[in-house]
1. Across the Cα atoms of the stretch 155-230, what radius of gyration and what greatest pairwise Cα-Cα distance (Dmax) are found, in Å?
2. Based on the Cβ-Cβ distance of Lys299 and Glu106, what FRET efficiency does E = 1/(1 + (r/R0)^6) give at R0 = 56 Å, to the nearest 0.05?
3. Beta carbons within 10 angstrom, averaged per residue: use that to sort the peptides 48-61, 69-82, highest first.
4. In nm, to one decimal, how far is the Glu148 label point from the Glu167 one, both placed 7 Å along Cα→Cβ?
5. Describe numerically, in nm with one decimal, the distance between label points set 7 Å from Cα along Cα→Cβ at Asp213 and at Lys160.
6. Between Asn268 and Arg254, 0.36 nm times their residue separation minus their Cα-Cα distance comes to what?
7. Can you compute the FRET efficiency between Arg64 and Lys119 using 1/(1 + (r/R0)^6), with r the Cβ-Cβ distance and R0 = 30 Å? Round to the nearest 0.05.
8. Please compute the length gained on full extension between Ser16 and Ser261, using 0.36 nm multiplied by the number of residues separating them and subtracting their Cα-Cα distance.
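What follows draws every value from the coordinates through simple rules; no lab data is involved. Every value quoted in this text rests on a predicted model; they were computed, and no experiment measured them. A quick note on method: Cβ atoms are made from the backbone with ideal geometry, for glycine too, and the neighbour counts reach across all protein chains shown.
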Amino acid sequence: MKFIHISDTHFGSFSSYQKIHLKEIEEFKKILNSDIDFLIVSGDIFNTPFQIFEGLDSLISAMRNFIESGKKIYAVPGSHDVSSGGSLFSILDSAGIITNVYRYKEENGIIHLEGTYDKKTGTTIYGVGGETNSREIDLYDKIDVKPEEKSIFIFHSPIKGSIGVQEVRELDLEKLPKGFSYYAGGHVHKRIWKIFNGSYIVYPGPFFGSSFDELYNNVERGYALVEDFKPRFFNMEPMNIYRSNINCDGKSSRTVIDEISIELENVNAEIIFINLFGKAMFNPDDVNLGKLPMRLKRKSIIMLRKKNLNFENEAMPANLSMDDEIKNIQSPFSFDIMDFVEKLKSEREEGERIDDFKKRLIASLKNELEMVEKNDNQVH
């Protein structure tokens, strides 16, 4: 018996970046062409419950072809898949493209898990899906199940110590139902494996990566190929990534932009990460992708990382002369239309949510306009 175990594909998370997004779909299609008996996905197939994106039809078509070849896709919904009003996951389950094994009956406060039998291999598969705020963990105290000799338990919850963040609920290892041949974990975006009562508990890590942080930090991404319940891990590094570090100590925003442009001139990569660090003497919005030459942005996806940058907003820029300082005192406000236009061109930062980006952009423009209104008696 041979199957592939993947988790946290988060299809759609890179839908704004077609080069990355379509690459993940192609990598997924490749594993569907593998010589396996079935596929296990332990949650978070999609990044949101209703995810419409380019290539979705091709993705579902590949899944359907896999099923029509006599194989199965066994899955549980992850916390990103669920919605009270239905989801794409539930639609695919209803259409028979995936088989949701998160099924149980509750009687007198006892949770009786219902198994799904795979005729081809004689394996019975059970599962508990993920829910918002890990509410599914409360079920484990009530679970009653007697697994068959060949059995798999799919779950989408972090076990104790796997995440290590105080605000995130984790499942006590001893609360996992005992007696299964293999435990297929999900939700934890890192690769973990350990032995539990003689059987493997496996978190394969994210299939492709669902954030630029995971790509930048080179998180182990890929899948587990499992033969007779023993896993072998396969890493995925499908993208050509270039990483650079720019020290911003005492430099103007223009100098930093020039340094980035010069360094990237001869770089050929699909994704370029520019990690800015040090004490910046400029406004954080003054270094943005809109100021890079268009020829550089056309050939690569460029991401600016400002997490390691400290902004000294009160300090005088290093390139400001004493004469300039005096002029600024004499004329405390001037409206720079080109700078205002550049702010309009601002792009989302790595990992920034759309709503947060909108708030940041609006706040930046509002400050400029309020200054104009406050100083409307001056000539601009």
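1. Rg, Dmax (Cα atoms, Å): 13.0, 39.
2. 0.50
3. 69-82, 48-61
4. Each label point lies 7 Å from its Cα, and together they span 4.3 nm.
5. 2.5
6. 2.7 nm
7. Details: r = 20 Å, r/R0 = 0.65.
The value I calculate is 0.95.
8. 85.8 nm
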